[in-house]
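Contents: one structure, followed by commentary.
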Amino acid sequence: MAQLWGGRFTKKTEDAVFAFNESLSFDKRLFYKDIEGSIAHVVMLEKQKIITLEEKDAIVKGLTTIQHEVDEGRLEFTSEYEDVHSFIEAKLIDMIGDAGKKMHTGRSRNDQVALDMRMYTRDEVAAVDELLYSLLKVIYRIMDENIETYMPGFTHLQKAQPVTVAHHFGAYFEMFKRDRSRMHDIYSRMNFSPLGAGALAGTTYPLDREYVASMLGFEGATLNSMDSVSDRDYIIEFLAALSTIMMHLSRFSEEIIIWNSNEYRFIEIDDAYSTGSSIMPQKKNPDIAELVRGKTGRVYGALMSILTTMKGIPLAYNKDMQEDKEVTFDAIDTVKDCICLFTGMLDTIKFNNDIMARSAMNGFTNATDAADYLVKKGVPFRDAHGIIGRLVLKCIDKNCSIEDLTIEEMKEISDVFEADIYDAITLKACVEKRLTKGAPGAAGMKETLKIYKKYLEDEINK
Ligand code: ARG
């Protein structure tokens, strides 16, 4: 047990208490951020003449050496240290002696951990954003190649109207684009440095907080020291946004699973992204999509966990907040893995265009267009709806599609039908006539794709 405190204690900490209290086993992830933050802190302390140039140099050199030793595996995170902050400070003091004892001047572990966690999370927000960008590039490619690949669009998982693969995938392009913009929002809102908040009430040393903030790439320093050490909103926002990404990935996975099933066969997941069964030789299972769908639960769990942890904590720092780390780390790892794997799976999917088109032709997906045809001939929409309903009933009876009926059979229901009905309800016509902004028609889709291309090429979005 190597602790930073102990002066006012008369008894040794119980082993079980130490083990329960420690966080090094998981906050070692913050090691690089802690070193970076400490270097910025001591550079500022020297600038403000709170420590000497020699002391600053010795501390910076010591911290850099510790980092190298950890990198090279010569220094390990052993269990006698309470947390990553204690570990680094103890190693520094061992290495450089008295100067090391000055590193923590004007700082508390409360603002230190708040800084580390913010810097770590900030990087991860950017990393998730980048992965989403790669996913969007794959979705864009699939859209661009499938402007005229017809498929049924569904409501209630019942065939509704024909759409295209480009259109269906475009819906996900929009979702992940919004997910990216959430990353940007979170980043800019959280990008303020809490260092200098001290334990809760600032410090009596003449710290230059703005200087530290700008050295560490922050927009500025936070404005309230109590909030600075107690705020975990940015983690909650991030987890909420990660949960939304998982919700999107999970819906997409669900569709991939359905489309890949024997009943649909719209797509085929590549062998490299499928798994087999130990007993049924014929099986090729969509495990990746299922796992992405399944892992959504643990990311939502992380969000609920932190919301609940934070809800009853009086200001300012309380040890409860140490619980922010494990679930957040796990959620970040999970989401990054899920986006990566999902992107690879999507990139290698094969579309069975014929099966999709055939499916779009069956199931009366052109019934709305048949009604619209009558409307164009002067029939009020509600009447047209009734006529086509009766026409569909006739088709069900004869086990055929609307376009399989002869014009005479159609005229038995309404004499408004003419020979041009057949051209009006082809799959192509049903899709191409949908010209409004956001609809699947090729002309509109090409315009949308231009916007997406520009979005992907735009430097600020990269
Ligand atoms: N390991 C602690 C955490 O993660 C660091 C801060 C400790 N502060 C304290 N006052 N005990 O929250």
Pair list, Cβ under 6 Å, 6 or more apart: segment 215-244 residue of a type in the set (Asp, Glu), other residue in a loop (DSSP other than H, G, I, E, B): Glu219/Asn191
Check on Val42, within 23 Å of Ser193 (Cα to Cα) and part of a helix (DSSP H, G or I): yes
Close pairs (8 angstrom Cβ cut-off, 6 or more residues apart or separate chains): under 15 Å from Gly217 (Cβ atoms) in segment 184-201, within 16 Å of the ligand (Cβ to nearest atom) and of a type in the set (Lys, Arg) anywhere: Met190/Arg118; Ser193/Arg118; Pro194/Arg118; Leu195/Arg107
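Yes/no matrix, rows are residues, columns are (1) part of a strand (DSSP E or B); (2) more than 29 Å from Ile35 (Cβ to Cβ); (3) within 16 Å of the ligand (Cβ to nearest atom); (4) touching a strand residue (DSSP E or B) at 6+ places or on another chain (Cβ under 9 Å):
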position: Ile147; (1), (2), (3), (4): no, yes, no, yes
position: Met151; (1), (2), (3), (4): yes, yes, no, yes
position: Lys159; (1), (2), (3), (4): yes, yes, no, yes
position: Phe173; (1), (2), (3), (4): no, yes, no, no
position: Lys177; (1), (2), (3), (4): no, yes, no, no
position: Ser181; (1), (2), (3), (4): no, yes, no, no
position: Arg189; (1), (2), (3), (4): no, no, no, no
position: Tyr205; (1), (2), (3), (4): no, no, no, no
Residue within segment 233-256 that is in contact with a Pro (Cβ under 9 Å, 6 or more places away or on another chain) and over 20 Å from Asn146 (Cβ atoms) present: no
Index of the failed condition, Ile51 passing every other in (1) in a helix (DSSP H, G or I); (2) crowded, with 18+ Cβ neighbours inside 10 Å; (3) more than 16 Å from the ligand (Cβ to nearest atom); (4) over 33 Å from the mean Cα position of the chain (by Cα): (1)
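Conditions (1) of a type in the set (A, V, I, L, M, F, W, C); (2) surrounded by fewer than 19 Cβ atoms within 10 Å (Cβ to Cβ); (3) farther than 30 Å from Leu135 by Cβ, marked per residue:
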position: Glu290; (1), (2), (3): no, yes, no
position: Leu303; (1), (2), (3): yes, no, no
position: Leu307; (1), (2), (3): yes, yes, no
position: Lys311; (1), (2), (3): no, yes, yes
position: Asp320; (1), (2), (3): no, yes, yes
position: Leu341; (1), (2), (3): yes, yes, no
position: Asp347; (1), (2), (3): no, yes, no
position: Asp383; (1), (2), (3): no, yes, yes
position: Arg390; (1), (2), (3): no, yes, yes
Tally of residues being of a type in the set (A, V, I, L, M), part of a helix (DSSP H, G or I) and over 15 Å from Leu341 (Cβ atoms) across segment 232-280: 8
The lone exception for Phe154 - which of (1) touching a residue at least 40 places away in the same chain (Cβ under 8 Å); (2) hydrophobic (A, V, I, L, M, F, W, C); (3) within 30 Å of Ala371 (Cα to Cα) it fails: (1)
Some residue of segment 314-331 being away from the ligand (no atom under 16 Å from the Cβ), touching a residue at least 24 places away in the same chain (Cβ under 8 Å) and assigned to a helix (DSSP H, G or I): yes
Test: residue in segment 12-34 that is surrounded by 13 or more Cβ atoms within 10 Å (Cβ to Cβ), within 16 Å of the ligand (Cβ to nearest atom), at pLDDT 95 or above and in a loop (DSSP other than H, G, I, E, B): yes
Subset of segment 299-313 that is of a type outside the set (A, V, I, L, M, F, W, C) and not in a helix (DSSP H, G or I) - its residue that is nearest to the chain's Cα centre (by Cα): Lys311
Segment 85-98 residues that are under 11 Å from Leu4 (Cβ atoms) and without any contact (Cβ under 8 Å) to a residue 12 or more places away in the chain, paired with ones that are away from the ligand (no atom under 12 Å from the Cβ) and part of a helix (DSSP H, G or I) (beta carbon under 7 Å, 6 or more apart): Ile93/Gly100; Ile93/Lys101
Restricting segment 98-112 to residues that are part of a helix (DSSP H, G or I) and small (Gly, Ala, Ser), the residue that is nearest to the ligand (Cβ to nearest atom): Gly100
Sole exception among (1) of a type outside the set (Lys, Arg); (2) within 16 Å of the ligand (Cβ to nearest atom); (3) out of contact with any strand residue (DSSP E or B) (no Cβ under 9 Å at 6 or more places or on another chain) for Leu115, by number: (3)
Options Ala171, Ala199, Ala221, Ala213; residue that is over 20 Å from Met117 (Cα atoms) and of a type in the set (Gly, Ala, Ser): Ala171
Candidate set: segment 80-97, residues that are within 12 Å of the ligand (Cβ to nearest atom) and in contact with a strand residue (DSSP E or B) (Cβ under 6 Å, 6 or more places away or on another chain); chosen: the one nearest to Gly62 (Cα to Cα): Phe87
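The values are calculated or read from the model by the stated rules, or taken from the named source; none is laboratory data. Everything quoted here is computed from the prediction, not taken from an experiment. Positions of Cβ are backbone-derived with ideal geometry, glycine not excepted, and every protein chain shown enters the neighbour counts.
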